[in-house]
Amino acid sequence: MPPKLLTYLILALLAASAAAARRHPSPASSAAAGEPVYLWPLPRNFTSGSRTLLVDPDLALDGQGPGGAAAAVAEAFERYRSLVFSPWAHAARNASGGYDVGKLTVVVASADEKLELGVDESYTIYVAAAGGVNSIVGGATIEANTIYGAIRGLETFSQLCVFNYDTKNVEVRHAPWYIEDEPRFSFRGLLLDTSRHFLPVDVIKQVIDSMSFSKLNVLHWHIIDEQSFPLEVPSYPKLWKGSYSKLERYTVEDARDIVRGKGYPKLWPSPKCREPLDVTSNFTFEVISGILSDMRKIFPFGLFHLGGDEVYTGCWNATPHVKQWLHERNMTTKDAYKYFVLKAQEIAINLNWIPVNWEETFNSFKENLNPLTVVHNWLGPGVCPKVVEKGFRCIMSNQGVWYLDHLDVPWQDFYTSEPLAGINNTAQQKLVLGGEVCMWGETADTSDVQQTIWPRAAAAAERMWSQLEAISAQDLETTVLARLHYFRCLLNHRGIAAAPVTNSYARRPPIGPGSCFIQ
């Protein structure tokens, strides 16, 4: 279920055609012709041809431009090369050569590595045979304005590379390729809940890596909730005594590595009433300020999720000193809820965070929310239109279609859910940052979290990355399904435990023998 305490929001950007070429004015035209394009998510525009190119297993990186020599580009290149080529590929290399693509040129226009919401993720790819009559450029080239666009381009290039089991070569089929691509939404998120079940650091890193394969770019790390407080907070070192055990905790160093309540009873209104926090106590807000200050040193990104949903204010009325405090100020519990949220927002903004709150805050006191507030929808459809009409920004996570712990929601619902539904005004559409699929952890732990996330999260990922006209024109049960089967198999090949696509109940294992491509 959704959070009731603070959560942490971090960005996890992990990281030429001619007359003979087949022209696709948009990816949809290829799909309409019955020729699925096995790239996920679909690029914005591309052309392809009819040649098959051989890729050298000793493929070299040539970084150019102010950002081409960045360590992040070189590391991403090595990571993708290890995914594309088998460990024995070099030993099996044809000594006489004959490879069409021996070098990948990556041109990055900017050396600025600042990571923030809205960073330019666009890129262009050219792949053609060196010296070919129809080639614009020999070999393969990725051009991007930032290193993050280059990393997105590397993912697409890796998906163009296919291993031929007959020749034992890696090939790029349907060359020459020319691809222009950029995301439709700047915020394409996955919420990962580690408060209901602890997830080891390596598992969180695996989730982040898997996110990059479908170009999701925001990890919303829901670290704490009423069930456990596993995070070290240096300013208040007793807080993580609220973890399930000493072996189920995250140190400050763990949190930095991933990026780059019981101890304080005064927080609670009474021993029997531990939620929400004690609104009457200055110590409550001192702790919130301390937590946020410590988190600011760990998470350098702009958004911080302050929660604010499912607050049981009846607890305050049942606590004598809180009830007295409300009476003295002529406040209702609804007033106290507003007071608490606005005070927490003020603390966050003073630390240069942009506050994100669940939609209950907007539903209850929209006129009082700070204008910087990003409203996070979860209760159902039709919320973002109301939010943007009032000038606030919005993130969509409609629980009926984008909650991964709802195991009976099929991939088709994830794919067809539209963040801009009901918003026709262009200026208001720009206030929708994007969306987020949510992996709440009540029934998921290390044993099954990846197969609960994938492949349904990938369906939403394409909705948030690809152009609306392109994905809307595809036939779900033929073109899209075939492509999603293929992407799920790609995830499996990369070591990601993605469940069969057409399960009636998500994360269920296969019901019998069969190919990965049709399960």
Largest-first principal axis extents of the Cα set of the chain (Å)
85, 52, 46
Local charge sum around Leu53 (other residues, Cβ-Cβ under 11 Å, Lys/Arg +1, Asp/Glu -1)?
-1
Place a +1 charge on the Cβ of each Lys and Arg in the range 54-131 and a -1 charge on the Cβ of each Asp and Glu, then give the dipole magnitude about the Cα centre in debye, rounded to the nearest 20.
320 debye
Phe283-Lys430 FRET efficiency (beta carbon distance; Förster radius 51 Å; 0.05 resolution)
0.80
Which of Tyr486, Cys384, Gln467 sits closest to the plus end of the dipole of the chain, meaning its Cα is farthest towards the positive end, when Lys and Arg get +1 and Asp and Glu get -1 on the C-beta?
Cys384
In square angstrom, rounded to the nearest 10, how much accessible surface does Val375 have for a 1.4 Å probe?
0 Å²
If you take all C-alpha pairs in the range 45-181, what percent of them are over 20 Å apart?
43 percent
To the nearest 20 debye, the chain has a Cα-centred charge dipole, built from +1 on Lys and Arg Cβ and -1 on Asp and Glu Cβ, of 460 debye
Taking the radius of gyration and the Kirkwood hydrodynamic radius from Cα positions alone, what is the Rg/Rh ratio for the range 374-519, to two decimal places?
1.00
Can you tell me the FRET efficiency between Ser86 and Thr52 if r is taken as the Cβ-Cβ distance and R0 is 30 Å, rounded to the nearest 0.05?
0.95
What distance in nm separates the two pseudo spin-label positions at Phe163 and Tyr505, each 7 Å out from Cα along the beta-carbon direction?
3.4 nm
Net charge contributed by nearby residues that have their C-beta within less than 15 Å of Asp120 (K/R +1, D/E -1)
-2
Treating only the Cβ of Lys, Arg, Asp and Glu as charged (+1, +1, -1, -1), what charge dipole size does the range 45-181 show about its Cα centre? Round to the nearest 20 debye.
480 debye
Order by protection proxy (mean Cβ within 10 Å, highest first), peptides 282-295, 236-249
282-295, 236-249
Once both labels are modelled 7 Å past Cα along the beta-carbon direction, what's the Gln227-Glu75 spacing in nm?
3.1 nm
Charge dipole of the chain built from unit charges on the beta carbon (Lys, Arg +1; Asp, Glu -1), centred at mean Cα; most positive-end Cα among Phe283, Thr361, Pro200 is Phe283
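Tell me the net charge near Gly68. Cut-off is 14 Å between Cβ atoms, Gly68 excluded, with +1 for each Lys or Arg and -1 for each Asp or Glu.
Neighbour charge sum, excluding Gly68 itself: -4.
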Take the Cβ-Cβ distance between Ala60 and Tyr339 as r, set R0 to 60 Å, and report the resulting FRET efficiency rounded to the nearest 0.05.
0.50
Nitroxide proxy distance, nm - points 7 Å out along Cα→Cβ at Ser515 and Ser110:
4.4 nm
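The values are calculated or read from the model by the stated rules, or taken from the named source; none is laboratory data. Keep in mind it's a predicted model, so treat the numbers as computed, not measured. We place every Cβ from the backbone using ideal geometry, glycine too, and count neighbours over all the protein chains shown. For the accessible areas, the whole protein counts, side chains as well, though only heavy atoms, and no ligand, DNA or RNA atoms are used. Shrake-Rupley method; radii C 1.70, N 1.55, O 1.52, S 1.80 Å.
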